[in-house]
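Participant: One structure is given below, represented as structure tokens, and several questions about it will come after.
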Amino acid sequence: MTLPGGANALNGVLLEARHISKRFSGLQAVGGANGLSFSVDRGAFVGLIGPNGAGKSTTFDLMSGVQTSDTGSVLFNGHDITRSSTDTIAEKGIGRTFQTPRAFESLTVLQNVVAGATSPGESLRWAFGRSWRSHETATVEAAEAILRRVGLHERAAARVGDLSGGELRMLEVARQLVRDPTVLLLDEPTAGVHPGLQERLAQLLQDLHRDGVTLVVVEHNLHFLLALADHVLVLADGELLAQGPPADIRADPVVIAAYLGDGDVA
Amino acid sequence: MNWPQLLVTVLTLGSIFGVVTLSLNLQYARGGMINFGIVAYFAVGAYTYAIFTQPPPQGLDQYKFGFGWPWWAAVIVAGLAALVFAAVTGWPTLRLRGEYLALTTFAFAEVFHSVLLNERRIGNGTVGLARVERPFGDWGPIEEKYVFAGAAALLLVATLVVFRRLLVSPYGRALDAIRDDETAAMAAGKPAQQMRRQVFLISAVPVGFAGAVYAMFTTLAQPSLFTAEVTFIVWIALVLGGERSVYGVVLGTLGLVFFEEIVRAWPFETVRSAQIAAAVEHVVTGLVFIAVLRYQPFQAAATRLRASR
């Protein structure tokens, strides 16, 4: 099945899961009898929702190489990335954040973002020389601009241990943005983020969407997500329960019965 | 007490072990790998140097291999041999983490030590190789011991400069990121496995050089010189100096070697008192180690320094 794009969907498919599944200690986390299948078009803004334990974060893990699918395949730009390592997938252009924010504790906020970029100086061949320095200056400037964009520029010199949970989430987003990803998988980006930063995040996601970045966002804050996404996937027990535009999802009785409840999507 | 002699010995041995501690620091503090078998790489360097410099066997010689190479060529081969040994031992072990890697590397070193003890044709078993070339000699008015101390210190400084250059580059920052959170670093495109393997290999090379210099200094490559005690001494030096600072690591090693050498050089009047002092030395080293772990003075100082910037 293909998400927005209509007749041209096949040409527009950027990321695709075909019958993927994952079991942990005998428990099915993702994929039922036939596995989980869906696809994301280039430039789409897809919301991935479902109750706790539905398999949303595990799906992200399978698409980003953090876990390997037991069955089926994950395709990016038509290439099989099912068994690719996380760093290889990141280098191909798939960025992701995590349900529990992750940061490099020994580095400052700015260094965390700079560390997100791929620098020539990270290659052993160039690390001993000095030619990476000019690239480094440009990376630092880009990182500072991104920190301004996510509202963390005043915290650039802070240690990550001094950040709030919401700031850590924004830092993760910033660390991926500096990589200029083709697809961004965001796992609960608003959790713990105060309303002011949420507004900034919403604006940022809209800007990224407009710039052509493909977004897949796992989110429990449905008011936030359904106002932004142009297509929604609903997972339950690791299987695809429903999909469609936000308005259809809001009105889908199966979704309402299984997950949303009548008050949540008003 | 002969203080000049003591200080020269401290500088020589401190520099040699300082190189090993610096390599351990790169592996552990930056690469996140616990290597409890570092002595094996040190021994590989020493034995390689001995084998490549000693003359071919004659008459009653037990060993079968001696190439009579010049000292500088043998030092290079010693570094390369440590690199190859790290590649061979790193391949199966570096998928492991934490205490599992520590135990596996320790086991590797113990197996290697056992091989050195029992193998006679290459390393000459427990007797070892005693015809090790000490190449420098007196340089004009400068006595050999000073030349030697200078050479060891030069190796230490060279290792320090090279490692520091690596660590201040984006490569070092990527290593920090991998050590802090491997999954997040990989999600940021850092090839964690590959970089960890590179660090393991790079850091083995100076250890091989240090082993060669140690063999020159002792004019001996013998299993009794390469026991697990060497591993633990450099680990203690690493902890004493503060794992986050390459300069602290060097100071920690020099301090520990100074302490050991002063006990060794003290003019005790009886053999019994010297034996007691040797035992007390181990006890004091252990107590200092525990105190440093408990109070972490160097980490506190580093935090204060960072806060004051």
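Participant: Non-local amide H neighbours of A:Thr71 (under 5 Å, H modeled in plane, Pro and chain starts lacking H): which ones?
Facilitator: It is A:Ser21, by chain and number.
Participant: Going from the alpha-carbon gyration tensor of segment B:6-122, what semi-axes, largest first and in whole Å, does one get by taking the root of 5 times each eigenvalue?
Facilitator: 28, 19, 13
Participant: Based on the inverse mean of 1/r over its pairs of different Cα atoms, what is the Kirkwood hydrodynamic radius of segment B:3-226, in Å?
Facilitator: By the Kirkwood definition, the hydrodynamic radius is 18.2 Å.
Participant: Whose amide H sits under 5 Å from the amide H of A:Gly151, counting only residues 5 or more places off or on another chain, with H placed in the peptide plane?
Facilitator: Residues meeting the criterion, in which the H sits 1.01 Å from N, do not exist here.
Participant: Could you list A:Glu199, A:Glu122 so that the one with the fewest beta carbons within 10 Å of its beta carbon is first and the one with the most is last?
Facilitator: In order of increasing Cβ crowding within 10 Å: A:Glu199, A:Glu122.
Participant: Considering every pair of different Cα atoms, what Kirkwood radius, in Å, is found for chain A? It would help to have the intermediate numbers written out before the result.
Facilitator: Details: mean 1/r = 0.0522 Å⁻¹.
This gives a value of 19.2 Å.
Participant: Also, I was wondering about something else. For peptide A:115-121, what's the mean number of Cβ atoms from other chains within 10 Å of each residue's Cβ? Intermediate values should be presented prior to the final figure.
Facilitator: On the way: counts 12, 7, 3, 5, 5, 3, 8.
The mean count of partner-chain Cβ atoms within 10 Å per residue comes to 6.
Participant: Sticking with this one: With a cut-off of at most 12 other beta carbons within 10 Å, and DSSP calling the residue loop, which trypsin sites (Lys or Arg not before Pro) in segment A:126-191 qualify? Please list them.
Facilitator: Passing sites in segment A:126-191 are A:Arg130.
Participant: Which FRET efficiency, nearest 0.05, do B:Ala291 and B:Phe232 yield, Cβ-Cβ r, R0 25 Å?
Facilitator: 0.90
Participant: Also, I was wondering about something else. Among DSSP beta bridges lying fully in chain A, give the percent that are antiparallel, nearest 5.
Facilitator: 55 percent
Participant: Across segment A:121-132, in residue order, what do the Karplus-derived ³J(HN,Hα) couplings come to in whole Hz, using 6.51 cos²θ - 1.76 cosθ + 1.60 with θ = phi - 60° and x for Gly and Pro?
Facilitator: Those phi angles translate into x, 7, 8, 4, 5, 9, 4, 7, x, 10, 5, 6 Hz.
Participant: Next question, about the same structure. Quick one: Karplus J couplings for segment B:91-108, per residue in order, coefficients 6.51, -1.76, 1.60, θ = phi - 60°, nearest Hz, x for Gly and Pro?
Facilitator: After applying 6.51 cos²θ - 1.76 cosθ + 1.60, I find 4, x, 9, 6, 6, 7, 10, x, 5, 5, 5, 4, 5, 5, 5, 4, 5, 4 Hz.
Participant: Averaged over every viewing direction, what's the projected area of the C-alpha convex hull for the protein assembly as shown? Give it in nm², one decimal, please. Could the numbers behind the result be given before it?
Facilitator: Details: hull surface 131.4 nm².
The number I arrive at for the protein assembly as shown is 32.9 nm².
Participant: Just checking the output field for B:163-174: average partner chain Cβ neighbours within 10 Å of each residue's Cβ?
Facilitator: Mean partner-chain Cβ count within 10 Å for B:163-174: 6.
Participant: Taking the Cα centre as origin and putting +1 on Lys and Arg beta-carbons and -1 on Asp and Glu beta-carbons, what dipole magnitude results for segment A:104-162, to the nearest 20 debye? Walk me through the intermediate numbers first.
Facilitator: Numbers: 7 positive and 7 negative charges, 31 e Å.
Taking the Cα centre of segment A:104-162 as origin, the dipole is about 140 debye.
Participant: Just tell me how shielded A:238-248 is by partners: mean number of partner chain Cβ atoms within 10 Å of each residue's Cβ, no decimals.
Facilitator: 0
Participant: Once segment B:86-204 is represented by equal point scatterers at the alpha-carbon sites, with solvent omitted, what log10 I(q)/I(0) does the Debye formula produce at q = 0.12, 0.16, 0.19, 0.22 Å⁻¹?
Facilitator: Scattering profile of segment B:86-204, log10 relative to I(0): -0.74, -1.00, -1.09, -1.19.
Participant: Would you mind calculating the relative contact order of chain B from Cα pairs under 8 angstrom and at least 6 residues apart, reporting the percent as a whole number?
Facilitator: Numbers: 456 pairs, mean separation 100.4, N = 309.
The value is 32 percent.
Participant: Give the residue from A:Gly161, A:Val113, A:Gly129 lying farthest towards the positive end of the charge dipole for segment A:104-162; charges sit on Cβ (+1 for Lys and Arg, -1 for Asp and Glu) and the dipole is referred to the Cα centre.
Facilitator: A:Gly129
Participant: Only counting other Cβ atoms within 10 Å, I'd like B:Val77, A:Val217, B:Val127 sorted with the fewest neighbours first. All intermediate terms of the calculation are to be shown ahead of the outcome.
Facilitator: Values: B:Val77 20, A:Val217 24, B:Val127 13.
Least to most surrounded, the residues fall as B:Val127, B:Val77, A:Val217.
Participant: Calculate log10 I(q)/I(0) of segment B:185-256 for q = 0.13, 0.21 Å⁻¹, where I(q) comes from the Debye formula with a single equal point scatterer on each Cα and nothing for solvent.
Facilitator: Taking Cα atoms of segment B:185-256 as identical point scatterers yields -0.55, -1.07.
Participant: Rounded to a whole number, what is D in µm²/s for segment A:104-162 from Stokes-Einstein with the Kirkwood radius over alpha-carbon pairs (10 °C, 1.306 mPa s)?
Facilitator: For the chosen part, D equals 132 µm²/s.
Participant: Moving on to the next point. Dipole of the protein assembly as shown (Lys/Arg Cβ +1, Asp/Glu Cβ -1, origin at the Cα centre): which of A:Ser84, A:Leu152, B:Ala278 lies farthest to the positive side?
Facilitator: The residue sitting most towards the positive pole is B:Ala278.
Participant: Tally Lys and Arg at +1 and Asp and Glu at -1 over the other residues with C-beta under 11 Å from the C-beta of B:Thr126: what net charge comes out?
Facilitator: The answer is 0.
Participant: Something else: 5 Å is the cut-off here: which amide hydrogens, built 1.01 Å from N in the peptide plane, fall below it relative to A:Leu48, excluding neighbours closer than 5 in sequence?
Facilitator: The answer is A:Val217, A:Val218, A:Glu219, A:Leu233.
Participant: Taking R0 as 22 Å, what FRET efficiency do you get between A:Gln198 and A:Ala158 from their Cβ-Cβ distance, rounded to the nearest 0.05?
Facilitator: E between A:Gln198 and A:Ala158, to the nearest 0.05, is 0.60.
Throughout, read-outs are computed from the coordinates displayed, never taken from laboratory work. As the structure is a computational prediction, the values presented were derived from the model and not from experiment. When we count neighbours, we look across all protein chains shown, and the Cβ atoms used for this are built from the backbone with ideal geometry, even at glycine.
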